[in-house]
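**Student:** Below you'll find the structure I mean.
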Amino acid sequence: MKLYEKTAHELHDMLVAKKISAVELTNNLLARIDEKESDIGAYLEITRENALATAEKVDAKIARGEEIAPLEGIPCAIKDNICTKGVKTTCASKILENFVPPYDATVMEKLNAQNLVMLGKANLDEFAMGGSTENSAYHPTKNPWDINRVPGGSSGGSAAAVASGEAIFALGSDTGGSIRQPASFCGVVGLKPTYGRVSRYGLVAFASSLDQIGPITRDVRDCAMVLNAICGNDKMDSTSTAAPVPDFTESLVTYVKNLKIGLPKEYFVSGMDKEIEDAVIEATDVFEKLGAKIVEISLPHTEYAIATYYLIAPAEAATNLERYDGVSYGARVDGVDVVDMMTNTRTEKFGEEVKRRIMIGNYALSAGYYDAYYLKALKVRTLIQNDFTEAFKNVDLVLTGEMVNDPLKMYLQDICTVPTNLAGLPGISIPCGFTREYLPIGVQLIGKPLDEATILRAAYTYEQNQNSGNKIAQ
Ligand code: GLN
């Protein structure tokens, strides 16, 4: 049986009904990995024994007649910038080649409390910097729908694993689109929660004011289940919010009547692929037919979002990446003295893109340039946030497109994703069809702060009312 094609909620029901065992399920996924991994390259490490040992625990629990949690025994992939105790966490960088974290990220603690079957650590662009998963220091990941294409990034390994049947769900991280963009490239669902919704403790920092962990899944129900499992206030992350956490599966109702959805005119920029634009317009038609009201809105500072993001993110990255100095942990390349050792370590072990960002970041932060670049970027960030605050006075959600698989359009595709991070808002990408070349297309819904519930309700309603086709690439 092709168990690897199913969703987490279907598999949960099958486990509870004793139609399958957790070990059988895990073996099914491991066999699929053996079949696909040489083509796809979704993983940096596969944790076979650990996965089977946990699956056995789940089976024993079911045999004892105990209740199991929604994700218990469901095989998944974890992006390799999320710390996993006793399992290497490399960030796809040579500088962390042999780094084995002595602790679990909070999201891992939460998931392990419900016997998470982790199949392995998923590939990414080095330190999550990039949008194609070609910047991994180990190997690129391929798009399961066409292995001559990129899967997007930086959570490309996570999205490709879910799309190819090499994992049922995955965790990714999103600093400027790294969950939503690969989800759209791979034809799966990806949610970036509100900044602060999910603890960042144990997520290797890229740009701390933008980073957020979130689910990559096959459908919206799974997305709500994973979000339920990972979110909540955490004393280990002072930026995590104390806001009450609803049960997100309660949002899974098909009802969008009178929901006001804004289409920002600035996102339908010239140069956007016609096929994508058509698919997005079609998605808005679906919402309209279901009773939602579509209104044009304006987010006037959108054109500055890329410049703002590419100052703030590298500035924070330059600071965060100072810790890789060859002293406390990570790789060390010897030198004649300590400064030489640090220089050699960082020169040899960081990749080109990471070094480029460290240089941009330090430049923007340096005396004399700070006001002109970094401080100005912070001010523009506020203007971008204010655009959304204004827009959300009149609408419940904002709908935008996502890009297809064309590296030349990477710049444009970041336009669709980074404003959400700069404003700290939740955003989801859900599949909305295929191009003529049979590459997936995604549509993005952006919500008010902490209003993942409305995003999930609209996404669920859309999903139940359209036929997006098979979510597994064969
Ligand atoms: N593509 C963006 C970048 O390169 C986003 C990356 C991310 O969200 N981690 O920075």
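**Student:** Counting only heavy atoms of the protein chains, get the accessible area per residue of segment 119-180 (1.4 Å probe) and round it to a whole Å² value.
**Tutor:** On a per-residue basis, 16 Å².
**Student:** Lys and Arg at +1, Asp and Glu at -1: add these up for the other residues within a Cβ distance under 15 Å of Met118 and post the number.
**Tutor:** So the environment of Met118 carries a net charge of -1.
**Student:** Then there's this: For segment 186-254, with only Lys/Arg (+1) and Asp/Glu (-1) charged at the beta-carbon, what is the dipole magnitude about the Cα centre, in debye rounded to 20?
**Tutor:** Charge dipole, segment 186-254, about its Cα centre: 120 debye, nearest 20.
**Student:** In addition: With point charges of +1 on the Cβ of Lys and Arg and -1 on the Cβ of Asp and Glu, referenced to the Cα centre of the chain, which listed residue (Pro449, Met1, Val280) lies farthest in the positive direction of the dipole?
**Tutor:** Of Pro449, Met1, Val280, it is Pro449.
**Student:** Return the tail of the calculated pair distribution for segment 420-469, meaning the percent of Cα-Cα pairs more than 17 Å apart.
**Tutor:** The calculated P(r) of segment 420-469 puts 41 percent of pairs beyond 17 Å.
**Student:** Dipole of the chain, Cα-centred, from +1 at each Lys and Arg C-beta and -1 at each Asp and Glu C-beta, to the nearest 20 debye?
**Tutor:** Dipole of the chain, to the nearest 20 debye: 540 debye.
**Student:** I'd like the Kirkwood hydrodynamic radius of segment 168-288, using the inverse of the mean 1/r over distinct C-alpha pairs, in Å.
**Tutor:** The answer is 16.2 Å.
**Student:** Turning to a different aspect of this structure: Quick one: Debye curve from the alpha-carbon atoms of the chain only, equal weights, vacuum; give me log10 I(q)/I(0) at q = 0.05, 0.09, 0.11 Å⁻¹ to two decimals.
**Tutor:** For the chain, the Cα-only Debye profile gives -0.16, -0.55, -0.83.
**Student:** I'd like to know how segment 271-430 sits against the 2.2 N^0.38 Å rule of thumb: what's its Cα Rg over that expected value?
**Tutor:** My calculation over the Cα atoms of segment 271-430 gives 1.36.
**Student:** Here's a follow-up. Where the accessible area of segment 293-375 is counted over protein heavy atoms with a 1.4 Å probe, how much of it, in %, is carbon and sulfur?
**Tutor:** In segment 293-375, the share of accessible area belonging to carbon and sulfur is 55 percent.
**Student:** At 0.36 nm per residue, and after removing the present C-alpha to C-alpha distance, how many nm does the segment from Asn233 to Thr249 gain when stretched out fully?
**Tutor:** Value of the extension gain: 3.9 nm.
**Student:** Something else about it: For the pair Asp337/Ala307, report the inter-label distance in nm, with labels modelled 7 Å from Cα in the Cβ direction.
**Tutor:** It works out to 4.2 nm between the two label points.
**Student:** Counting only C-alpha contacts under 8 Å and six or more residues apart, can you give the relative contact order of the chain as a whole percent?
**Tutor:** Taking the mean separation of contacting Cα pairs over the length of the chain, I get 17 percent.
**Student:** Filter the trypsin sites (Lys or Arg not before Pro) in segment 215-319 to those in DSSP coil with at most 13 other Cβ atoms within 10 Å of their Cβ, and list the result.
**Tutor:** Lys235, Lys257
**Student:** Relative to the Cα centre, what is the charge dipole magnitude of segment 165-320, using +1 at the beta carbon of each Lys and Arg, -1 at the beta carbon of each Asp and Glu, and rounding to the nearest 20 debye?
**Tutor:** Result for segment 165-320 is approximately 400 debye, rounded to the nearest 20.
**Student:** Let me check I've understood the local charge: for Leu259, count other residues with C-beta under 10 angstrom from its C-beta, Lys and Arg +1, Asp and Glu -1. What total comes out?
**Tutor:** Here the charged neighbours net out to +3.
**Student:** So if each residue of separation counts as 0.36 nm, and I subtract the Cα-Cα distance between Lys393 and Ser38, what length gain in nm does that give?
**Tutor:** 122.8 nm is the gain from fully extending Lys393 to Ser38.
**Student:** Assign one of three labels to segment 94-191, namely rounded, prolate or oblate, based on the Cα gyration tensor with a ≥ b ≥ c the square roots of its eigenvalues; rounded applies when a/c is under 1.5, prolate when it is not and a/b is larger than b/c, and oblate otherwise.
**Tutor:** Since a/c reaches 1.5 but b/c is at least a/b, the shape of segment 94-191 is classed as oblate.
**Student:** When ligands, DNA and RNA are left out and all protein chains stay put, how many square angstrom of accessible area per residue does segment 187-299 have with a 1.4 Å probe?
**Tutor:** 38 Å²
**Student:** What percent does the relative contact order of segment 1-92 come to when contacts are Cα pairs within less than 8 Å and at least six residues apart?
**Tutor:** So the answer I get is 32 percent.
The values are calculated or read from the model by the stated rules, or taken from the named source; none is laboratory data. It should be emphasised that the depicted structure is a prediction, and the values quoted were computed from it without experimental measurement. In this analysis, Cβ positions are derived from the backbone assuming ideal geometry, glycine residues included, and neighbour counts consider all displayed protein chains. Calculation scope for accessible area: heavy atoms of the full protein, side chains included, ligands and nucleic acids excluded. Shrake-Rupley method; radii C 1.70, N 1.55, O 1.52, S 1.80 Å.
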